[in-house]
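To start, the structure under review is shown below, and the notes come after it.
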Amino acid sequence: MTRTSDRRDRMDAIATGQFGFEALGNAQAEAIQSVLDGRDTLAVLPTGSGKSAIYQIAGIMIDKLALVVSPLIALQRDQVESISALDVGRAAEINSTLTDAERDTMFARLRAGEIAFLFVAPEQLANDEALAEIRAASPALLVIDEAHCISEWGHDFRPDYLRLGAVAESLGHPTILALTATASPPVRSEIIERLGMRDPAVIVRGFDRPNIHLAVEIHHEEGEKREALIERVMTSERPGIIYAATRNDTEEIAAALVERGIRAAAYHAGLKASERDEVQAAFMEDELEVIVATIAFGMGIDKPNVRFVYHHDISESLDAYYQEIGRAGRDDERADARLYYVEADLGLRRFQTGAGSLTMDDVETVLRTMRRARRPNTVESVQAKVEMPDSRLLKILSRLDDTGTIDLRPDGGIELDREVDLNEAAATAVEEQKDHQRFVRSRLDMMQQYAETETCRRQFLLDYFGEPTAGPCGFCDNCESGAAAAMVEDDHEHPFPRNTRVRHASFGDGTVTHYDGDAMVVRFDKGGYRTLAIDLVTEEGLLTPCDDAKERNGES
């Protein structure tokens, strides 16, 4: 107890004395304690809650190298500058912007023990020289920032993150700290599995953003929807963000706002990097009132005074939607999140989610290519030999890795089980991808249900992310109209509490996530989210409690 008390006193002293915090948050302290105990830790905390302080304070107290994997160069640079300004340790970065001379200097500093925090882009860990230098430095802490990027069920999936589990093992499995602001239970499970985390502490806090007003406007025609959105922007407090599904939509909406005197601009991946940087900088400095963007905009953006986030089109999942609306109201003042919904919009999203199918021929082609290779296979060597888009190849390799047919090494090398039956391995990988697609499509169904529900929208969202709620929030359109209260009064008796593990004869094991009038939602481990009629569940006995009635990967 004395050791724990002394440690907490030191944590608090660092937080207040070096970081300028009034106090260390309970979730921050819990995560730091877990890391200092040498336990792998997944912390899911809202943006602005001081996630970076967790690894910085832990790194100071461990007093050994902390390796921080961050997906964006701008994020790395911000953190390096922040650590330098706080004078809490020496920080450096490895990314594609460094010259050969700068890399050599940085590695020399690393060998001399002059670096306390090393920030790397994930693709740099596929470089043999960089990985060897880092391995020789023996990092005690491996931090995965924006950890949802490792999950194909997440909203910012990055293929380079798939190697990080193997990287951790090649480094001797230092304590792993995975950090993210948004991760539903399936995403949390995938993060843990892909990183090879051992008996991790899972700390989930603060999904509720009570200062954000939630609303959905349902329209029947695209033109009517867009005009309603533009009219709303004209009368809204600014600055704000509008998300749209296509690049063309962002351009058209931005142009329409400019015509009406609003300082607006489009942001999408089709713009030159310099143009995107200019638009983002203008928005951050309040020179632009509205940015109209695809999902290319947002990661790493921390602008406190965003007064609204409006969605011109429905998001692909509640994971993505919640991440996007979470960019509003970070100053804790009132902000608005409004979805403009036309049922026909679901068609585009279903088309996009259905684009990831794999065929037996494609998988067998990849397997035969690897088996015939005279030299050791790498991701790059297979890419050079097969004629298919890189995105499809990476899906195939990911599925083969999931099923144990191959082992993806941290340097990009591929170990193939040469005794495997190619036809059987291909069939297993294709079926695995079908399961994955069913899950992805079911998340779009949940997004549709959010748009159409008459229950409290905040309660719906928090149930989805597995965070308990006390009842309707009173600060969404359904609560204000009385619809949510009416649904509570008409509520059927619930056959199972939320988060109960249940079993279905056809769908297998799952978790009860939400009730919506006479229906209940269950997230099945295979196949994703299903909406079931409560009467049928009760009368037909469709669900039974699992032996392990608690949610896997229990959270504190």
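The values are calculated or read from the model by the stated rules, or taken from the named source; none is laboratory data. If you're wondering where the values come from, they're calculated on a predicted model, not measured in any experiment. Please note: Cβ atoms are built from the backbone with ideal geometry, for glycine as well, and neighbour counts cover all protein chains shown.
For this structure, a couple of remarks:
- Candidate set from region 161-178 (those that are at pLDDT 95 or above and of a type in the set (A, V, I, L, M, F, W, C)); member that is surrounded by the most Cβ atoms within 10 Å (Cβ to Cβ): LEU177
- Condition check for GLY474: within 13 Å of CYS546 (Cβ to Cβ) and free of Cβ contacts under 8 Å to residues at least 40 places away in the same chain: no
- Filter result for GLN433 (modelled with pLDDT under 90 and assigned to a helix (DSSP H, G or I)): yes
- Helices (runs of 4 or more DSSP H) contained in region 244-354 and holding at least 1 residues among the acidic types (Asp, Glu) and either in contact with a Ser or Thr (Cβ under 7 Å, 6 or more places away or on another chain) or surrounded by fewer than 17 Cβ atoms within 10 Å (Cβ to Cβ) (or both): 247-259, 273-284, 318-325
- Of the helices (runs of 4 or more DSSP H) that lie entirely inside region 438-531, those containing 1 or more residues that are under 27 Å from the mean Cα position of the chain (by Cα) and surrounded by 19 or more Cβ atoms within 10 Å (Cβ to Cβ) span 457-464.
- Test: VAL366 is crowded, with 17+ Cβ neighbours inside 10 Å and in a helix (DSSP H, G or I): yes
- Extreme residue, surrounded by the fewest Cβ atoms within 10 Å (Cβ to Cβ), among residues of region 379-424 that are within 13 Å of THR369 (Cβ to Cβ) and small (Gly, Ala, Ser): ALA384
- When residues of region 201-237 are limited to those that are assigned to a helix (DSSP H, G or I) and of a type in the set (Asp, Glu), the one nearest to the chain's Cα centre (by Cα): GLU222
- Pick from region 216-229, criterion surrounded by fewer than 19 Cβ atoms within 10 Å (Cβ to Cβ) and in contact (Cβ under 8 Å) with a residue 12 or more places away in the chain, ranking: farthest from ALA344 (Cα to Cα): ALA228
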